[in-house]
Amino acid sequence: MFEILTVIIVLLLVFSVFIILPILLVIKAAQLLLERPLNEVVSAVNEVRDQNWRNADASEREKMVRKVCGWRVIGRVVGAGALVGGAFVATSSTIGFACCLAAWRTLKPIKQEMRDACAYRSTGAPDEPR
């Protein structure tokens, strides 16, 4: 019995060294190579978004808020679908239940977010927060 346990532990260590360690190294290398360009792209997108917000009138701002809310809802639904898909693939009923619970918690705030976005009324002031 002890020999079998020792073999299993050794196999897990070998698996972690030869499989998981190279994967982690590739992820770290990608992070080091792509972090600065991605940060520049994100800052450029945020600058354009802020410029569009400053140049928009009240009705355009309301449309922008609703559009952003719509994309956020689409992202939540896609994420919840992935979690439910993971629940069907999971071999453990506990992991499946956890995935379904996480999907439900992801979808729960959508109703309030949509109400807030539809109730938003812009004043058109240049210093109005986003």
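The values are calculated or read from the model by the stated rules, or taken from the named source; none is laboratory data. Fair warning: this is a prediction, and the values are worked out from it, not measured in the lab. Reconstructed Cβ throughout: ideal geometry from the backbone, glycine too, with neighbour counts over all protein chains shown. Each accessible area value is taken on the protein alone, full model and side chains, heavy atoms only, with ligands, DNA and RNA left out. Shrake-Rupley method; radii C 1.70, N 1.55, O 1.52, S 1.80 Å.
If you check SER43 against the conditions, is it open to solvent by less than 80 Å² (accessible area, probe 1.4 Å), modelled with pLDDT of 95 or more and farther than 20 Å from GLY124 by Cα?
yes
Within the set of pairs 6+ apart or on separate chains, which have a first residue in the range 57-73 that is under 20 Å from ALA125 (Cα atoms), a second that is among the acidic types (Asp, Glu) and not in a loop (DSSP other than H, G, I, E, B), and C-beta atoms under 8 Å apart?
Within 8 Å, no pair qualifies.
May I ask you to list the residues in the range 82-130 that are open to solvent by 50 Å² or more (accessible area, probe 1.4 Å), closer than 30 Å to GLN51 by Cα and of a type in the set (S, T, N, Q)?
GLN112, THR123
So, ARG121, is that one without any contact (Cβ under 8 Å) to a residue 40 or more places away in the chain and either in a loop (DSSP other than H, G, I, E, B) or among the charged types (D, E, K, R) (or both) or not?
Spelling it out, it is not the case that ARG121 is without any contact (Cβ under 8 Å) to a residue 40 or more places away in the chain and either in a loop (DSSP other than H, G, I, E, B) or among the charged types (D, E, K, R) (or both).
Can you go through GLY75, GLY79 and tell me which one is open to solvent by 40 Å² or more (accessible area, probe 1.4 Å) and under 15 Å from the mean Cα position of the chain (by Cα)?
GLY75
Give the residues of the range 4-18 that are of a type in the set (A, V, I, L, M), under 35 Å from the mean Cα position of the chain (by Cα) and either open to solvent by 80 Å² or more (accessible area, probe 1.4 Å) or modelled with pLDDT of 85 or more (or both), sorted by residue number.
ILE9, LEU11, LEU12, LEU13
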